[in-house]
Amino acid sequence: MVSATGAIIADSVSKTFIQPDGGEVTALSGMDIRIEPGEFVCLIGPSGCGKSTFLRLVAGLIQPSSGELYLDGRRVTGTGADRGLVSQDPTLFPWLNVYNNVAYGLKIRKVFNERRADVQAYIDLVGLTGFERSYPHQLSGGMAQRVSLARALVNEPKILLLDEPLGALDAFTRMNMQDEILRVWTERGATMLMVTHDVDEAIYLADRVFVMTPRPAKIERVIPIEIGRNPNHGRSRDDPDFLLMRAKILQILNFTGHKHALEYNL
């Protein structure tokens, strides 16, 4: 299912932060991006280049220093339930069980009573049926991230922002969660914008990969990933085209002088 909403446009977006000593750090400079509704895009680039800053801008947590960001033609001026954010740290409320963590956003928005059934539906969607009464300390890292996904998805956002959500997981759990994210994306149809340092992960998941330069970040290259997906398991990691795409992206990263800052899995 492809969403009819969730288009993102960045028009010459720049972001400069003022330091405590009065100095300035420019994280983003003249970012121009077009992301189609329902598209899966991965941002890849060196640590500290501004990838997470761009996600925070799209989320409305901070505002551009110059330029404009648009969601479905409307300028982004603040946060909203039409965008969900999942970070590397699940940041679950430790005093709430799985059910109430997922339900939290609906309760804050005062729509829980009419959407009560959705809480269980999204717990089921991320594969946590039977763990509704479990607390965060009783969950594995992968399970906690599933709760974070369900908590973001229950608000039915047009856009899901994923800030290295799998970075802290072991390799096996990470691959399983990649398939989980693809399945959720297929079923929900939301636009996905994901930050990752893992080249293989970007190729496995994305429709397009945006390679960013070191800070102040711009888009170095936009790379379409024209490799077919298995509906149940994404792309084959040992497909010759997959390996060629990996080599191509690493070559681009090497040209910009930051190959060392990224990862790939053999």
What shape does the stretch 135-211 take by its C-alpha gyration tensor, where a ≥ b ≥ c are the square roots of the eigenvalues and a/c under 1.5 counts as rounded, a/b above b/c as prolate, and the rest as oblate? oblate
Shape of the stretch 180-251 from its Cα gyration tensor (a ≥ b ≥ c, root eigenvalues): rounded if a/c is under 1.5, otherwise prolate when a/b > b/c, or oblate? oblate
Rounded to the nearest Å, the spacing of the alpha-carbon centers of the stretch 103-133 and the stretch 70-100 is 15
Within 10 Å of each residue's Cβ, count the other Cβ atoms and sort HIS137, HIS197 from fewest upward. HIS137, HIS197
Taking other Cβ within 10 Å of each residue's Cβ, how do ILE203, ILE249, ILE62 sort, fewest first? ILE62, ILE249, ILE203
Whole-Hz Karplus ³J(HN,Hα) for the stretch 98-109, in order, using 6.51 cos²θ - 1.76 cosθ + 1.60 and θ = phi - 60°, x for Gly and Pro? 4, 4, 6, 5, 5, 6, 4, x, 5, 5, 4, 7
Would you look at the GNM of the chain, springs on alpha carbons closer than 10 Å, and say which of ALA150, ALA202, ALA168 moves the most? ALA168
Consider the candidate values (i) 21.2; (ii) 19.1; (iii) 28.5; state which one is Kirkwood radius over Cα pairs in Å computed from the structure displayed. (ii)
Number of Lys pairs (Cα under 26 Å; 8 or more positions apart or on different chains) in the chain: 14
Taking the chain as a Gaussian network, Cα atoms linked when under 10 Å apart, which of ASP200, ASP72, ASP239 shows the biggest mean-square fluctuation? ASP239
Whole-number percent relative contact order across the stretch 1-122, with pairs defined as alpha carbons under 8 Å at least 6 apart: 23
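Rule-based calculations on the coordinates, nothing more; no lab input. Computed from a predicted model, the values in this text were never measured in an experiment. As a convention, Cβ positions derive from the backbone with ideal geometry for all residues, glycine included, and neighbour counts pool all protein chains shown.
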